[in-house]
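Q: Mind having a look at this structure? Questions to follow.
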Amino acid sequence: AQTVTQSQPEMSVQEAETVTLSCTYDTSESDYYLFWYKQPPSRQMILVIRQEAYKQQNATENRFSVNFQKAAKSFSLKISDSQLGDAAMYFCAYRNSGGSNYKLTFGKGTLLTVNP
Amino acid sequence: ETGVTQTPRHLVMGMTNKKSLKCEQHLGHNAMYWYKQSAKKPLELMFVYNFKEQTENNSVPSRFSPECPNSSHLFLHLHTLQPEDSALYLCASSPEDYGGGKLFFGSGTQLSVL
């Protein structure tokens, strides 16, 4: 079974600085998807960024980018120019690309605090 | 407007009560999900409905009973719950089953069982 590990329960960053959230996963599959979801105090989970394992290029969405290391099974999220609105729980998630076991598997989350 | 609306936002119930959680999506999606979010634990998938048919029941106790009357509405009927069932219950939808992993979530119902 696939597992997702977020080793940082909490992180903090100064406004306008850069922070990196870590995620590792375990799988025997070669084709899969990885995601970062954000859950602000409003509790609504929002997709931040998605990476397809067959793509070597790291995904980028504005100030959010990932460092995808397939061999190391590592998928970190970098937030540049941090803003107060970035404060939230961040969840890393994994999904097989197909087959019968394609449900999302989430990590336990990292609580990000942004200090003014 | 999130597109996925959950009611109520908060719910306190006794162990002998019967209550229902409601989820409605206005996105035209065909798949809907119930997740349980407990403190310091990963999100737990409970149920999946695709085109109104239940496609997954993740070994959820029978005191949780889902209902999906159409692709836009999803309910979770609760009865004789236990205190350990206290959690945030999140509803999500996607264009089809798992929709490439991009799920649209509601803001959840925070449930407390006394």
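Q: Restricting to the range A:12-23, name every residue that is farther than 24 Å from B:PHE105 by Cα and surrounded by 14 or more Cβ atoms within 10 Å (Cβ to Cβ). Don't jump to the end; show me each part of the working.
A: To start, the set of residues in the range A:12-23 that are farther than 24 Å from B:PHE105 by Cα comprises A:12-20.
Selection gives A:VAL13, A:VAL19, A:THR20.
Q: Restricting to the range A:76-96, give me the number of residues that are within 14 Å of chain B (Cβ to nearest Cβ) and either open to solvent by 60 Å² or more (accessible area, probe 1.4 Å) or of a type outside the set (D, E, K, R) (or both). Quick ask: steps written out before the conclusion?
A: Applying the first criterion (within 14 Å of chain B (Cβ to nearest Cβ)) to the range A:76-96 yields A:88-96.
Checking which are either open to solvent by 60 Å² or more (accessible area, probe 1.4 Å) or of a type outside the set (D, E, K, R) (or both) leaves us with A:88-94, A:96.
Adding up the residues that qualify gives 8.
Q: Could you list, in sequence order, the residues of the range A:31-60 that are away from chain B (no Cβ under 11 Å) and open to solvent by 40 Å² or more (accessible area, probe 1.4 Å)?
A: Across the range A:31-60, the qualifying residues are A:ASP31, A:TYR54, A:LYS55, A:GLN56, A:GLN57, A:ASN58, A:THR60.
Q: When you scan the range B:83-94, how many residues do you find that are surrounded by fewer than 19 Cβ atoms within 10 Å (Cβ to Cβ) and either modelled with pLDDT under 85 or of a type in the set (Gly, Ala, Ser) (or both)?
A: Residues in the range B:83-94 being surrounded by fewer than 19 Cβ atoms within 10 Å (Cβ to Cβ) and either modelled with pLDDT under 85 or of a type in the set (Gly, Ala, Ser) (or both): 1 in total.
Q: So B:VAL60 ticks every box in (1) open to solvent by 40 Å² or more (accessible area, probe 1.4 Å); (2) free of Cβ contacts under 8 Å to residues at least 40 places away in the same chain; (3) over 20 Å from B:LYS102 (Cβ atoms) but one. Which box is left unticked?
A: (1)
Q: Failed condition for A:LYS73, given (1) closer than 23 Å to B:GLU44 by Cβ; (2) over 12 Å from the mean Cα position of the chain (by Cα); (3) within 14 Å of another protein chain (Cβ to nearest Cβ), with all others met?
A: Evaluating A:LYS73 over (1) closer than 23 Å to B:GLU44 by Cβ; (2) over 12 Å from the mean Cα position of the chain (by Cα); (3) within 14 Å of another protein chain (Cβ to nearest Cβ) leaves (3) as the failure.
Q: Tally up the residues in the range A:53-100 that are free of Cβ contacts under 8 Å to residues at least 40 places away in the same chain and among the polar types (S, T, N, Q), please.
A: 8
Q: Here are A:PRO9, A:PRO116: which of them is more than 25 Å from B:TYR49 (Cβ to Cβ), within 12 Å of chain B (Cβ to nearest Cβ) and either in contact with an Asp or Glu (Cβ under 9 Å, 6 or more places away or on another chain) or open to solvent by 50 Å² or more (accessible area, probe 1.4 Å) (or both)? Let's see the steps before the verdict.
A: Working: A:PRO116 fails: within 12 Å of chain B (Cβ to nearest Cβ).
Every option except A:PRO9 fails the conditions.
The values are calculated or read from the model by the stated rules, or taken from the named source; none is laboratory data. This is a predicted model, so every value here is computed, not measured. Positions of Cβ are generated from backbone atoms using ideal geometry, with glycine treated the same way; all protein chains shown enter the neighbour counts. Just the protein is used for accessible areas: all its heavy atoms, side chains included, with ligands, DNA and RNA removed. Shrake-Rupley method; radii C 1.70, N 1.55, O 1.52, S 1.80 Å.
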